[in-house]
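Every number in this text was worked out from the coordinates using simple rules, so none of it is lab data. Note that the coordinates shown come from a computational prediction; the quantities given were computed from them, not determined experimentally. Glycine also receives a Cβ, built like all others from the backbone with ideal geometry; neighbour counts cover every protein chain displayed.
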């Protein structure tokens, strides 16, 4: 069987509908027994010797002419894993929303006629830029320079916890160049709220408490410290510029969501986040790593992979806080996926 390439689709004649769509989920029926398939679907059929060619072209020529090599790598991998999938094209069977995706993948055992989508997949090469605003409710299929595939699931997922907040009032604090010190009345802040760190070391049972500027600003806003929030924020801007305001907005949002954010420096992130907390003595492992980025941030796949792999390696989930200048936050969770 020879296909005909026209207007971005490959027309297959004869009994193509019965052979390829009705039984295996390829393409879009056009009436009768004829079938339209996307170039990547035609390439897959060529690779299986199910069709003889497209306008006399074999697989090599078709991939070169249509520029579908990366799509083919992903399409074949998902087919090999037992999935039926459709190109995300308006008007194709099973495609209700094509925006932001290259393929719609159906649950195993189902096809485009069942009305159920398992994954919305977007194909990217490892050197492409990925606007963070384009992510969420989509699976990234990243093809590296060796042709290997990595899948990342991206979804909106704001952290929520169970930590109860019980703050003291008007504790005397000393504002330093990049932190604050609280000398008296610190047990309640540290033991029951996990604010700061003991100046004498994490295993110390007493002594003054050192607070990050983020913690100090948050506590000053809540009148837990007898210092002016504006002074702390000004000091924070001196240290890290306008980024301090975005990080403070995220820190406050995490506290308001009843989680406990702490420095994520040792993990290469802004925060590590505990969702369950009662006291420092019963401290469990943190569940999330959070990185604060601007809404117009653009990812390089290599950097995204580094963040997600590191988080997964320490059994945490990577979350990005998309934070604008007004402190509005959209949350994006990214994790490795094995389809």
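Quick notes on this one:
- Three-way shape call for the stretch 2-125 based on the alpha-carbon gyration tensor, with the a/c threshold at 1.5: oblate
- Prolate/oblate/rounded call for the stretch 221-339, Cα gyration tensor, a/c under 1.5 rounded: oblate
- Angle between the chain longest axis and helix 229-240 axis [Cα atoms, degrees, rounded to 10]: 50 degrees
- In plain terms, the residue of 1, 57, 318 with the fewest other Cβ atoms within 10 Å comes first and the most crowded comes last, giving 1, 57, 318.
- Least to most buried among 129, 263 (fewest other Cβ within 10 Å first): 129, 263
- Distance between the stretch 76-115 and the stretch 46-66 - C-alpha centres, whole angstrom: 22 Å
- Note on the stretch 142-177 and the stretch 297-327: Cα centroid distance 9 Å, given to the nearest whole angstrom.
- For the chain, the longest principal axis of the Cα atoms and the long axis of helix 301-313 meet at an angle of about 60 degrees.
- Alpha carbon centroid spacing (whole Å) that separates the stretch 183-200 from the stretch 210-265: 16 Å
- Angle in degrees between helix 243-256 and the longest Cα principal axis of the chain, rounded to the nearest 10: 90 degrees
- Anisotropy class of the chain from Cα gyration tensor, a/c 1.5 cut: prolate
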